[in-house]
Amino acid sequence: MPKTPSRRDFIESVALAGGLASADAGHAKAASRTRTGAIDTAYPRIYKGRQLAMLAFPLGGVGSGSISLGGRGQLRDWEVFNKPNKGSAPQYCFASVWAHVGNRKPVASIIEAALVPPYEGSSGLGTNNVPGLPRFKSASFTGEFPLARLDFADPAIPVQVSLDAFTPFIPHDADASGLPVAILRYRVHNPTRETANVSVAYSLDNPVGTTGRTTEYRKTDGVEGLFMRNPFLSADDPLAGSFALCAVGSQPGEVTYLRGWRGGTGWRVGPLLFWDDFTDDGMLGPEAAVRDSVGSLCIQKSIPAGAKADFTFLLSWNFPNRTPQRIGWDAPKDTEKTKIGNHYCTRFSDAWKSAEYAVRNLADLESRTRRFASAMRASTLPSAVKEAAMANLTTLVSPTSFRTADGVFHGWEGSNNQGGCCFGNCTHVWNYEAATAHVFPSLSRSLRENSFGFCTDSDGRQDFRQLLPADRQRWGKAAADGQMGQLMKLYFDWRLSGDTEWLRRLWPAAKRTLQFAWIEGGWDANRDGVMEGVQHNTYDVEFFGPNPLCGVWYLGALRASEEMARVVGDTEFAAACHTLFTQGSQWIDANLFNGEYYIQKIQGSPKDKIANGLLVGMGSANTEKPDFQLGDGCLIDQLVGQYMSDLAGLGNLLDPTNLRKTAASIYKYNYKRRMDRHESVQRVYALNDEAALVICDYGQGKRPEIPFPYFAEVMTGFEYAAAVLMIHRGMVNEGIECIENIRRRYDGERRNPWNEAECGHHYARAMASWAAIPALSGFAYDAAEKRVTAKPRLAAAVFQSFWSTGAAWGTFNQTSRDFALTVLEGTLPCAAIDLAWKSANNTEAAARGTPVPHTFASGSFQLTGLITLRAGDSLTLKAHA
């Protein structure tokens, strides 16, 4: 075996040959073209008028379900019952305000903007949520996940009302971010010259089942409100659990309540009598002897002239009975009804317990949440880039994501209206997303432990979908792109964390996973670094013969495995991976690159020559002359393996000139500036005047009679990955333009900005949007070398950005001669910092205000000793000309 170069020597040699140098080509340089104009608003975006129609902002914890805040201020899409449930809501769920100023007549209103057309229905608008009661004339909605704000307006209301809504969401703290709660803080400003007596009431139909529901009033330290249960449900009923509606921070005497509206009269009189009660004096009670299931909680405050007051409500839930059957997840035989539970339910025995915890820790949880939001808001990155990254984090709090009782993280591909879509932490979908590793590294590592645990068998065949309950039965099917991508993500998780013992524990399975490609009838049976075999992939078919999609993932897996093998001391295997990578890379450049982009060489195969588990059954029936192939098309994600390699710091996988030409070709062929003349008989995610990147374009090549499914579609996860690929190839403006086009389509009127769909709502692949943050900021961290890199790809007099590693996050800002990095949470060991500065006569370095001995050469600060930055610490660097 030839001598294998060291990890750093190899990466540096790639850079000198144009590899990483190509990735740096866009640092602070103008791109090859001028953008047509930034997205039409600043960050955060403010939605008004018709843009409110589609808004649904998820409130809830990571993996613990969500309730969405609609554009008018209503709560919609109640998805806290262990399954997707679009369009669902209790029969009654609304806030109302009563205001009495001086001697004027009191005024009351539902705290929602006016209902908008259409108004049609078999019973008009019916009676649910009392559509006939007064509402505010208008509202504006400011959304920057995890924070939402509504400002209501109506000249008939003598006070000004707004709503701040959020659930704690703090990078790297999955438990603090996994609370089953939603905080609704109504803020009332009294602009008059007189004292205003103001009440805000929240009314909610007990959501725990349909009959036999009970509601009790409770008051404990800092929390009082209504605790809702259903004692008539069996313990294993899917809806068994509890819900709490709480008032937070109120003073003695401010809270009144109804455990139920008046009932038992035949015709429903509860809504009328509730409104009479509330509008009479802004307080509730006395209660009726016979009550229905709708409870109301009211807070009344006296607000001096010109002052403001907060009316804070907290919703909390606890529904422990998650089963595969309930959620539609494939399970081993006879285990469909086995309770797999929820992690949050192991922390809190009921909804009141989680409410108490949230209130007790609210000041800290809220300040940390707002610190995160502020860090992103202050970044000088383009508005659309920040919005795309943050908006798609909602997938983690949507029903797409969950944590079972053992704390393990799982995810659908997406969520249908009433059930999950495509079970199993599907590797060939989740491979694209970049958010989890950066924002919740522990959850990213949990996914890796799934893949390289029971899901990898003794031969190295890795289930690309996991059955639940876990560790009982394997699915037995492998996806080439999914399996190779997992190796790259394993390396990236290790690089961010530096946890070599963790890597060493998973390495035997990871090694088998790569070796599986070499089995007889496998993807690379002749071990030449090229996948010629039958390759099931993310397009739900098998590609036959060498192709860039799976082939470049394979090159990335070889590079990642080479690095990991070296880390754990398996030098012989590292050398073998290096040899295969070199051979494969050269072959693909020589045989698949057509001068503009990479194509597929279709090669059929007899079924009896295909290894077990590689034919999943959704592709061509004729394996010797297969349909559903790529052929000569320009594929949007032909270099997705390179996209992940850029993110993971593995260098270029193919000739850098060819990579740049391919990125330019995707922009040339796949980019449609209007979709109204684009022909597609498939699913439609962009249309009419909208701009988008299509999955595949055959403009310069012959299309197979029956090409692979989805070829004419548009899906945002693929678009983000392609845009980030462009950014890394120096096409900064083009990449940003593609991201802006996506966010224009999600404008509130056409689509919900917090729900990018593919095969289901809240699709996991769309979290590839996060990759634009490190791509444009040029921030990277190598935990093994304790090395920070910060080389922005955007020219700015003062550049500022959010950053994160496997154990810390914060902000950095940089000018041509000054650099400051601040840790907001976690710890950051640092021994070296690489900047874009080329030379300086004199340099300074300081940590926590204390000078740090160092050397400087060619933009690299090498600290004399290791320093560890903790929350609140800053590292500053200066260069003097």
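The values are calculated or read from the model by the stated rules, or taken from the named source; none is laboratory data. Just so it is clear, the model here is predicted, and its values are computed rather than measured. As a convention, Cβ positions derive from the backbone with ideal geometry for all residues, glycine included, and neighbour counts pool all protein chains shown. We work out accessible area using only protein heavy atoms, side chains counted, and drop any ligands, DNA or RNA first. Shrake-Rupley method; radii C 1.70, N 1.55, O 1.52, S 1.80 Å.
If you go through segment 336-352 and pick out every residue that is among the hydrophobic types (A, V, I, L, M, F, W, C) and not in a helix (DSSP H, G or I), you end up with 2. Note on segment 574-610: residues that are of a type in the set (A, V, I, L, M, F, W, C) and over 35 Å from the mean Cα position of the chain (by Cα) amount to 6. Inspect segment 110-119 for any residue being touching a residue at least 40 places away in the same chain (Cβ under 8 Å), open to solvent by 10 Å² or more (accessible area, probe 1.4 Å) and under 30 Å from residue 194 (Cβ atoms) and give the result as yes or no. Checking segment 110-119: at least one residue is touching a residue at least 40 places away in the same chain (Cβ under 8 Å), open to solvent by 10 Å² or more (accessible area, probe 1.4 Å) and under 30 Å from residue 194 (Cβ atoms).
Residue 541 meets the conditions (1) at pLDDT 95 or above; (2) among the hydrophobic types (A, V, I, L, M, F, W, C); (3) more than 28 Å from residue 758 (Cβ to Cβ) in every case but one. The failed one is (3). Residues considered: 102, 70. Of these, the only one that is open to solvent by less than 10 Å² (accessible area, probe 1.4 Å), small (Gly, Ala, Ser) and within 30 Å of residue 197 (Cβ to Cβ) is 70. Residues considered: 292, 281. Of these, the only one that is farther than 22 Å from residue 88 by Cα, more than 35 Å from the chain's Cα centre (by Cα) and among the acidic types (Asp, Glu) is 281.
In segment 805-821, the residues that are in contact (Cβ under 8 Å) with a residue 24 or more places away in the chain and closer than 15 Å to residue 837 by Cα form Cβ pairs under 8 Å with partners that are hydroxyl-bearing (Ser, Thr, Tyr) and assigned to a strand (DSSP E or B), at six or more places apart or across chains, as follows: 818/876; 819/876; 820/874; 820/876. Does segment 611-620 contain any residue that is more than 18 Å from residue 585 (Cβ to Cβ) and either touching a Ser or Thr at 6+ places or on another chain (Cβ under 8 Å) or of a type in the set (D, E, K, R) (or both)? Within segment 611-620, one or more residues are more than 18 Å from residue 585 (Cβ to Cβ) and either touching a Ser or Thr at 6+ places or on another chain (Cβ under 8 Å) or of a type in the set (D, E, K, R) (or both). For residue 288, indicate whether it is part of a strand (DSSP E or B) and either buried (at least 23 other Cβ atoms within 10 Å of the Cβ) or in contact (Cβ under 8 Å) with a residue 12 or more places away in the chain (or both). Taking the combined requirement at face value, the residue does not satisfy it. Are any of the residues in segment 612-628 in a helix (DSSP H, G or I), over 22 Å from residue 708 (Cα atoms) and open to solvent by 10 Å² or more (accessible area, probe 1.4 Å)? No, there is no match, as no residue in segment 612-628 is in a helix (DSSP H, G or I), over 22 Å from residue 708 (Cα atoms) and open to solvent by 10 Å² or more (accessible area, probe 1.4 Å). For segment 656-686, the set of residues classified as within 28 Å of the chain's Cα centre (by Cα) and of a type in the set (Phe, Trp, Tyr) consists of 667, 671, 685, listed by residue number. Among what's in segment 291-319 and is farther than 30 Å from residue 230 by Cβ and among the aliphatic types (A, V, I, L, M), pick the residue that is least open to solvent (accessible area, probe 1.4 Å). The extreme case among them is 303.
Quick grid of which residues meet (1) touching a Pro at 6+ places or on another chain (Cβ under 9 Å); (2) basic (Lys, Arg); (3) part of a helix (DSSP H, G or I); (4) at pLDDT below 50:
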position	(1), (2), (3), (4)
8	no, yes, yes, yes
36	no, no, no, yes
39	yes, no, no, no
54	yes, no, no, no
69	yes, no, no, no
84	yes, no, no, no
91	no, no, no, no
96	no, no, no, no
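For segment 107-163, the tally of residues that are among the aromatic types (Phe, Trp, Tyr) and in a strand (DSSP E or B) stands at 3.
Kindly indicate whether residue 787 is open to solvent by 10 Å² or more (accessible area, probe 1.4 Å) and among the basic types (Lys, Arg). In short, yes.
Of the helices (runs of 4 or more DSSP H) entirely within segment 680-798, those holding at least 2 residues that are in contact with a Gly (Cβ under 9 Å, 6 or more places away or on another chain) and under 24 Å from residue 497 (Cα atoms) occupy 716-728, 772-777. So which of 296, 234, 302 ends up being farther than 16 Å from residue 351 by Cβ, of a type in the set (Ser, Thr, Tyr) and assigned to a loop (DSSP other than H, G, I, E, B)? The conditions single out 234. Looking across segment 603-623, just one residue is touching a residue at least 24 places away in the same chain (Cβ under 8 Å) and at positive phi, and that is 613. Within segment 746-777, being surrounded by fewer than 24 Cβ atoms within 10 Å (Cβ to Cβ) and among the small types (Gly, Ala, Ser) holds for 748, 757, 760.
Residues considered: 367, 442, 446. Of these, the only one that is more than 17 Å from residue 66 (Cα to Cα) and free of Cβ contacts under 8 Å to residues at least 24 places away in the same chain is 367. Considering only segment 347-380, state which residues are open to solvent by 10 Å² or more (accessible area, probe 1.4 Å) and within 24 Å of the chain's Cα centre (by Cα). Result: 347, 362, 364, 366, 367, 368, 370, 371, 374, 377, 378, 380. Filtered by the rule that a residue be β-branched (Val, Ile, Thr) and either open to solvent by 20 Å² or more (accessible area, probe 1.4 Å) or more than 30 Å from residue 63 (Cα to Cα) (or both), segment 130-176 gives 130, 142, 157, 159, 161.
Restricted to segment 426-531, the set of helices (runs of 4 or more DSSP H) holding at least 1 residues that are among the hydroxyl-bearing types (Ser, Thr, Tyr) and surrounded by fewer than 23 Cβ atoms within 10 Å (Cβ to Cβ) comprises 441-451, 480-497, 500-515.
Of all residues in segment 164-212, those satisfying the criterion of being part of a loop (DSSP other than H, G, I, E, B), within 19 Å of the chain's Cα centre (by Cα) and aliphatic (A, V, I, L, M) are 170, 174, 176, 179.
Close Cβ contacts (under 8 Å, 6 or more residues apart or on different chains) running from residues in segment 854-870 that are over 14 Å from residue 839 (Cβ atoms) and modelled with pLDDT of 95 or more to residues that are among the β-branched types (Val, Ile, Thr) and exposed (fewer than 12 other Cβ atoms within 10 Å of the Cβ) comprise 854/864.
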